[in-house]
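To keep things clear, I will list the structure first and then write my remarks on it.
Just so it is clear, none of the values below were taken in a lab; they were calculated from the coordinates. All values reported here derive from a predicted model rather than from experimental measurement. Cβ atoms come from the backbone with ideal geometry, glycine included; neighbour counts cover every protein chain shown.
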Amino acid sequence: MIELKTDQEKETARKVEELLREYPGLKEIHNNPKLTPFQRKMKAIPILRGIRQKLDQDIKHVAKLDERIKYLERVKPVADLWPEWKKLPPKLEKNDCSRLHQLISALKLQYKYMPEAIKGGNPLDYPWDEVTPFVVEHDWAAAFKNATDYNEGSFNLPYERCAFEFRISGRSVTVLAGQEDDEHEPTYTFYIAFQDFWIGGGPDEKDDHPPAFDFAISQIKAICVALDAEVATRNVVRASEGVNKKRVAEGREPFYSYHVVSLARRIRVANPYGGSGAQTRRRLHFRRGHWRHYEKFKTWVRWCLVGDPDLGFVDKEYRL
C-alpha cells in the first residue's frame, strides 16, 4: 500500500525540486548514486553557502529599494511645491540662524536615494569645513539701489567658499558661492528647502530660473561691497563645542558658526564733500573696486564710499 505524504512533506519535496532545477550543481550531487549521504552533504555545503550569500544580498537589495520607495513617496509632494514657489516675486524675510547643517544632512540623504538629482556631485566629497556661512538678515541691495557707480564693477567674496543663507518668500535658501581666484567671477549653486528636502539649481540653468536667484546674487554683491568699503561689519555667532560634540556622537551634522553682516556704527566715508572746495557737496556714491596691475604684481583697490551721507542713499532700514 502506497503511503500518502503529508502536506508538509509535499511542500518540502516541491521546494527541493525547485532548488534542484535552479542549481544544476546540487542536482548532480543529489542524483549521483555513488555518493554517500555524508559525501553529498560535504559537496553541497559550498554551493549552499553561495546560495545563502546571494539570498542575503537580495534581501539587502530589496530593503534598500523599499527605503528608496518610501523616501520618494515622502518627498514627491514636497518637490511638487517647487514650480509654484519659483514663480513668486522674491521677498526677503527674517532669518535668525544658520541652517547649513540641515542642508548637508539633506544632501547626503538625497545622494543616497536619488544621486541623479544632486547638483554639484557627491556631498561627501565637498569641503564643508572650508565653507563660511553668512546669515543674511537685511536687504542690503535695497539700501544701495540709489547709489551711483554701484551697478558696474567686480567684487570679491570675503572667503574662497561661502554659504549665504536667506529666507525668501517663505523658504530657506542657501547659496554656495565660490571664487577660484580674485580675478574670476564667483560661481553659485542654489538650494531651496521644502521641509527636509532641498532642491538645487543655478543661475545658468537651461530652464527659466526663479527671480529669487537674481535677487540673492544682488544681495551677495551688496554684502561683499559693503564689507569691502567698510560700510558693514561681520559679527560671528559661534556654535557650541559641547553641543556639537554630542551631535557628532549621535551621528548628526554639527552646527556651524556663522557671520551676521551689520551696518558699521561709524561709516568710513572718503572725502565727504567729494571735491576740493568745502562748498562742494555730492550725494553719497561708490568708487568701484578694481585690480590695479603693475609690472610684477597687482593689487586690489577696494570699493570706497564717497560723498555726503546727509544727502541720501537711504532705505527704510539703513542710513548709510
### Summary
The local net charge around ASP196, scoring Lys/Arg +1 and Asp/Glu -1 for residues other than ASP196 whose Cβ lies under 11 Å from its Cβ, equals +2
### Task
Find, among the trypsin sites (Lys or Arg not before Pro) in region 57-133, those assigned to loop by DSSP (not H, G, I, E, B) with at most 12 other beta-carbon atoms within 10 angstrom.
LYS87, LYS91, LYS94
### Task
Using only C-alpha atoms and all pairs of different ones, pull out the Kirkwood radius for region 83-264 in Å with one decimal.
17.1 Å
### Query
In whole Hz, what ³J(HN,Hα) sequence does region 99-112 give by Karplus (6.51, -1.76, 1.60; θ = phi - 60°), x for Gly and Pro?
10, 4, 5, 5, 4, 4, 4, 5, 5, 5, 5, 5, 5, 5
### Task
Give me the net charge of SER169's neighbourhood, meaning all other residues with Cβ under 11 Å from the Cβ of SER169; Lys, Arg count +1, Asp, Glu -1.
+3
### Summary
FRET efficiency for LEU48 and THR6 from the Cβ-Cβ distance with R0 = 30 Å, rounded to 0.05, comes out at 0.75
### Task
Give the shape of region 16-78 as rounded, prolate or oblate, defined through the alpha-carbon gyration tensor: a ≥ b ≥ c are the square roots of its eigenvalues, a/c under 1.5 means rounded, and otherwise the shape is prolate if a/b is larger than b/c and oblate if not.
prolate
#### Entry: Unit Cα scatterers, Debye sum, region 142-183: log10 I(q)/I(0) for q = 0.28 Å⁻¹
-0.94
